Amino acid sequence: MHKYQQDFIDLLEQSGALKVGAHFKLKSGRSSPYRLNLDECNDGESTRILAKSFASSIWSFFEKYPSKPELIYGIPEKGIALAPTVASAFADYDSGSWKKISWFFTRKMPKGYGEATNLSKEERRKALIVGKAPKDRQQIVLLDDVFTTGDTKYEAVSELEKLVNDPKISALFIAVDRQEADVDGKNAIEEFTHKTEIPVHSIVTASQIYHHLKAKGEVAEEILKNIKNYLKVYGTDVARKYLENL
């Protein structure tokens, strides 16, 4: 792992965003030995580290490509607060092109517009967008905290297609990939990429969190065992293979 990933996991622990040891009931009905809640990263210092972690993750993805993202779109609701802070984190980068990355998000459609079926793309942009209005064919990255069913992500892609012509959505970035498969063995993130052709990248994965906690030696062995067993049962093939190599 990179240092920014280790620092991010430390932030999750220190802020209380990551809790381990108990049995936490998830929306899926599963009983998990750990819980994640990024809402706990709500002060200036934790927000700064969170934004820097996202920026580092985006940088790592794009450094091998000649083109860079031009806009960051914060997916409502959680991504709204992330977008401007992550764009601000890029201001500390040396490269001028990274300093110029803009941000935007969309507000809910005002009731007065009804279904907005008669609005042009330009009118929709004026009515809905907060921040830098995207232009046709600009490079956009999506930003959100986590990925569960993916419903809000599909809605975001659909909304962008209504706002601009041929939006170039390079990737979706989330904070943590829990690396879980559903009862049919399918992974919602993989399904999203398959349907939209948009890659999804996380700052860290569940198996990396386990790895870091184990390496620090501050978490009881029984708790670590429960996390590992949970991922062996419900985790994706990638998570299980990662754990086998530890």
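Brief remarks follow.
- Annotation: amide H-H contacts under 5 Å for Gln138 (H modelled 1.01 Å from N, sequence separation of 5 or more, or interchain): Lys168.
- Computed [θ] at 222 nm, helices only, for the chain once each DSSP H run of length n ≥ 4 contributes -39500 (n - 2.57): -13500 deg cm²/dmol
- Zone residues, segment 146-190, relative to Glu77, backbone N less than 18 Å from point 7 Å out along Cα-to-Cβ: 146-156
- Whole-number D in µm²/s for the chain (Stokes-Einstein; Kirkwood sum over Cα pairs; 4 °C, 1.567 mPa s): 68 µm²/s
- Cα-based Kirkwood hydrodynamic radius, segment 201-246, one decimal, Å: 10.8 Å
- HN-Hα J in Hz across segment 55-69 - Karplus 6.51, -1.76, 1.60, θ = phi - 60°, x for Gly and Pro: 4, 5, 5, 5, 4, 4, 6, 8, 5, 8, 10, x, 8, 10, x
- For the residue pairs Lys64/Lys241; Lys108/Lys135; Lys132/Lys153, alpha carbon separations beyond 24 Å are given by Lys64/Lys241.
- Amide H partners (placed H, <5 Å) of Ser202, local residues excluded: Ile174
- Given the chain, longest segment not containing exposed loop GluC sites (Glu not before Pro) (DSSP; at most 13 other Cβ within 10 Å): 116-196
Read-outs: derived from the displayed coordinates by stated rules, not from any lab. Being a predicted model, the structure only gives us computed values, none of them experimental. Cβ: placed from backbone, ideal geometry, glycine included. Neighbour counts: every protein chain shown.
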